[in-house]
Amino acid sequence: MLLLTFFSAVMLSESQPIPTDNPVATLYGNGSYHWTSQINWTNVVAVRDFGGDLVKAQAALVKSGGGVLFLSASKYTLTENFGLASNVVLRGVPAPGVAKKGTEKGNLDPTTVLSCPDRKHIGILNLNGTNLGLVNIKLDGCAVMLWPTLAPQKWSMKDYWYEATSIVSMGSNKLVLGCVVQNVNLDSSNPDAPSDGWPWSFSTAIAVYSDENALVANNLLPPATLKATMKLSSGESVPYPYDNRYGIDVNKVLLGGAFGHLVPGATPGHCTDAKMFPWSFRNGLVIRDNYVFGNGRVGISFSGGGDGKTIGSGTQVISNHVEHEKSGIFYGFSPSHSPHGSDTNENRGYDQSGSENNVTLNTGHIYRQQLYNQKYETVDGEGILVQCTNGNNQYRNLWDRNDLSGGGSGYIAYYGVDIVQDCVITNNRVNPDQSIGLMNSKTTQAKGLQCHGNTPKANCNPTRLATISDVFAGVRTAPGCKSSFAKSGVFHITNPGLNAVQLLLCTRYDNVSSTCAPEAVVACDSSFMALIDANVSRVKYYNVSSDSTQAYAFAFWATQVLSYHELESVPRTMWLSVPP
């Protein structure tokens, strides 16, 4: 069903010339992205000729064979999604600026403006279309949703992540060029429920899904200009995080639910060569020259595939910049969820699935967020990431000359991928305390890798991680109890891996009201924290003692000190048994 659109405009000028050029060829040269020549750039319908009625103007354009729906330098207001038709490009007045200048946001400032209601995540919507897009539009609160058709329901906010069981089609030949998108979010942590004033986890500024060919280029996603508040469960008001949303998403985020249904045995951390899920391996996708600001989630998410034999022949992710808010605060996912140390808000620069992708000359300043009223930060914080939860092993990727230094995090990693083969990891840079290369012990096959010129040096061999072994402790048993109580102990620790390992001692005490009560409290004392250096082949000793007769077990919280991912060999809350 076509969603009704209510459209109003305030005309500023009627004397502007109407462009008829191919803007992609104008920006990148004739012959670039040849599929854009299938759009009828010379067949133009001006919305002003229909009194500002966008719906009537588009109907006339479609009837004449499709082409360009031109919006003059005006401010237009949408109160419902506008259903963009196939063979229609919504185009504003040409904007000569650029989205980014080095690692700074550029001067791109289109004079054609679409405005949408605050935090309603409405905007330009198309399902499964072809030869369509947006050029030189400023979208204030309006999302770009060039989405696939999923099943069982054709469309709803919830179905795209929670309910979709299959993918019908994604369309082709989609373009988002020279646009500014800001203030996009949805004020409901559950889009099927009434607003609770909290951001939806899958709000996205620009989402483009295509079975073949897409260009998302020279777009600026600057910091939000609006301000609002949301309430914690305590009733306290805190700032609403407008930019806690996905930035640019091409063929990735919205496919997650269907992937879980369509790939046999798909589970988090289970790698496959998932050609049975071909939507992650589409050809002809390009993301370039964009500037993305965010304070959570992922700057640029993408999948794609190449010709099956050539390194870097898949999705082209070139010369983008992702800027994360410095000193950001994470308040949780909903009013009922207080943030804690294991929470992830991703805080990720570039997130990849598929294979044979070319990630080159990108930059980013990546920061994790402080958990509200806690001393811990959110986990993750990768600069460039591909991980096994994306569903496929990795072949023939090219990651070259990316600079993710200058922020507080930003490591570049293949995380937990079983097979990494014939990939290039060259000339990349991160902060000295960050890492590049293979991370996590799940990589069992790494061959044909080219790794050189990285700063610091990349690890391109399967990484062994720290282990704790040889538990020794003096013990005594409390009267009337079967539990054993540790008096002191020595834990033998080795760390042959690439990353330093941080250990946090936690002591568990019986409920003080009963010697052997089933309930217990856990105290983690930061004064017991120890740092085990990377690449330590000798055994290190960490001594533990306790004067409490009620302390009956010790646990070590072992993490990579930079990424805070759990080490595979030491679960984050493992209680070490102490025999009587």
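What the table below lists for this structure:
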| quantity | calculated |
| --- | --- |
| Residues within the stretch 227-242 that are in a strand (DSSP E or B) and polar (S, T, N, Q), tallied | 2 |
| Long-range neighbours under 7 Å by Cβ, at least six apart or interchain, first residue over 14 Å from residue 357 (Cα atoms) and of a type in the set (Val, Ile, Thr) within the stretch 381-397, second surrounded by fewer than 24 Cβ atoms within 10 Å (Cβ to Cβ) and modelled with pLDDT under 90 | 389/268; 389/269 |
| Count of the stretch 342-366 residues which are assigned to a strand (DSSP E or B) and among the small types (Gly, Ala, Ser) | 2 |
| Residues satisfying the stated conditions in the stretch 23-38, i.e. among the β-branched types (Val, Ile, Thr) and either in contact with a strand residue (DSSP E or B) (Cβ under 7 Å, 6 or more places away or on another chain) or under 13 Å from residue 176 (Cα atoms) (or both) | 24, 36 |
| Residue satisfying condition, being assigned to a loop (DSSP other than H, G, I, E, B) and farther than 27 Å from residue 198 by Cα, within set 109, 118 | 109 |
| Subset of the stretch 404-425 [in a strand (DSSP E or B) and closer than 19 Å to residue 368 by Cβ] | 412, 413, 415 |
| Options 172, 86, 166: the member that is hydroxyl-bearing (Ser, Thr, Tyr) and open to solvent by less than 30 Å² (accessible area, probe 1.4 Å) | 172 |
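Every residue, every condition in (1) touching an Asp or Glu at 6+ places or on another chain (Cβ under 6 Å); (2) part of a loop (DSSP other than H, G, I, E, B); (3) within 24 Å of residue 372 (Cα to Cα); (4) modelled with pLDDT of 95 or more, yes or no:
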residue	(1), (2), (3), (4)
213	no, no, no, yes
225	no, yes, yes, yes
257	no, no, no, no
274	no, yes, no, no
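The values are calculated or read from the model by the stated rules, or taken from the named source; none is laboratory data. As the structure is a computational prediction, the values presented were derived from the model and not from experiment. Cβ sites come from the backbone with ideal geometry, for glycine too, and all protein chains shown count toward neighbours. Heavy atoms of the whole protein, side chains included, go into the accessibility calculation; ligands, DNA and RNA do not. Shrake-Rupley method; radii C 1.70, N 1.55, O 1.52, S 1.80 Å.
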